[in-house]
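The values are calculated or read from the model by the stated rules, or taken from the named source; none is laboratory data. In this text, all values refer to a predicted model and were calculated from it rather than measured experimentally. Every residue, glycine among them, receives a Cβ derived from its backbone with ideal geometry; neighbour counts consider all protein chains shown. For the accessible areas, the whole protein counts, side chains as well, though only heavy atoms, and no ligand, DNA or RNA atoms are used. Shrake-Rupley method; radii C 1.70, N 1.55, O 1.52, S 1.80 Å.
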Amino acid sequence: MRIIEKVKEMQVWSDAARRAGRRIAFVPTMGTLHDGHLALVRAAKKLGERVVVSIFVNPAQFAPDEDFAAYPRDFARDRALLENENVDALFYPSAAEVYPDGCQTHIDVERLAPLLEGEFRPGHFRGVATVVAKLFNMVRPHTAVFGEKDYQQLQVIRRMTKDLNFDIEIVGHPTVRDADGLALSSRNAYLSARERQAAPSLFRALKRAEALVAQGERCAGRVAAAARAEIEGEPLAEIEYLRICDPETLAEIPRIEHAALLALAVRVGPARLIDNAMLKT
Ligand code: AMP
């Protein structure tokens, strides 16, 4: 596995692979890899002959009061995991390499970014969209894989890719969960043993909502209230938002006529956990 720290070297590597007729599949990450990330890597292997994984904890997507400094990092472990998956190139740039002399150009996905996560993390998707666009120009992939766990992020990236005419196929991958339903996340490392026991209440809320919709309930308010009650039964969990939205526009909807997205963010101790489910009628 080639480890690449410089943008120029990444572009040269990528251009050589393209000239050799290889399809490049890309998985951007912030490291501290878990089985969710590795599932994306395995999906990428099926999509292209060359797989590039990036590890970059992007300062621009963290607000000053968020966990940028505390975000878990373990390069040696990540590198070994990716070697084991036979990844072709690990792109591991420094912040100075990605943002050499500041950055005056940003990408605002105007209508999707301010909703849901964006309401509670203003500027977050501006940081995400900007760094992903930059990574696309550095890695020059044919296709890129993103997790549905971060559903809004996936939609923001799809929109940005379309709006800016990136010739890149965006592929979503289903959420990978622990046995008790908790979505794998690098931030689960923040949970104490007791908090870890409280965390599957998010998944139970999603399941409760799915069951109600399967029974024929179409009122979004009633479905949301039942999901909310599931989490409120857990004293260590504090809901930040829980909404039922149109899967495309992410606007809240009063009735579940077709597919609807249930998206939630919940604080459990020091961890802010997000999850979602597609409710199908
Ligand atoms: P992160 O390192 O958290 O920025 O995540 C990198 C990529 O992995 C993103 O596309 C995430 O959506 C995806 N991802 C994170 N956790 C999971 C999971 N549990 N299942 C599937 N994809 C995930």
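Before moving on, here are some points about what is shown:
- Counting protein heavy atoms only, the chain has 49 percent of its accessible area on carbon and sulfur, 1.4 angstrom probe.
- Net charge over other residues, Cβ less than 13 angstrom from the Cβ of P174 (K, R count +1; D, E count -1): -1
- Alpha-carbon centroids, the range 65-104 and the range 24-56: separation in whole Å: 13
- Whole-number accessible area per residue in Å² for the chain, which is evaluated in the context of all protein chains at 1.4 Å: 47
- GNM result for the chain, Cα springs below 10 Å: residue of A229, A70, A211 fluctuating most strongly: A70
- Using a cut-off of 20 Å between Cα atoms, the listed pairs K6/K45; K46/K207; K149/K207; K134/K162; K149/K280 include K6/K45; K46/K207 as exceeding that distance.
- Expressed to the nearest 5 percent, the antiparallel share of DSSP beta bridges inside the chain is 50 percent.
- Gain in span if fully extended, A193 to Q104, counting 0.36 nm per residue against the direct Cα distance: 27.7 nm
- For the chain, the fraction of C-alpha pairs more than 26 angstrom apart is 44%.
- Length available on full extension from R19 to R2: 0.36 nm per residue minus the Cα-Cα distance, which gives 4.3 nm.
- With K and R counted +1 and D and E -1, the other residues having a Cβ less than 11 Å from that of A17 yield a net charge of +4.
- Between E257 and S94, the modelled label-to-label distance comes to 5.5 nm, taking each label 7 Å out from Cα in the direction of the beta carbon.
- The angle between the Cα long axis of helix 220-232 and the main principal axis of the chain comes to about 80°, on a 0 to 90 degree scale.
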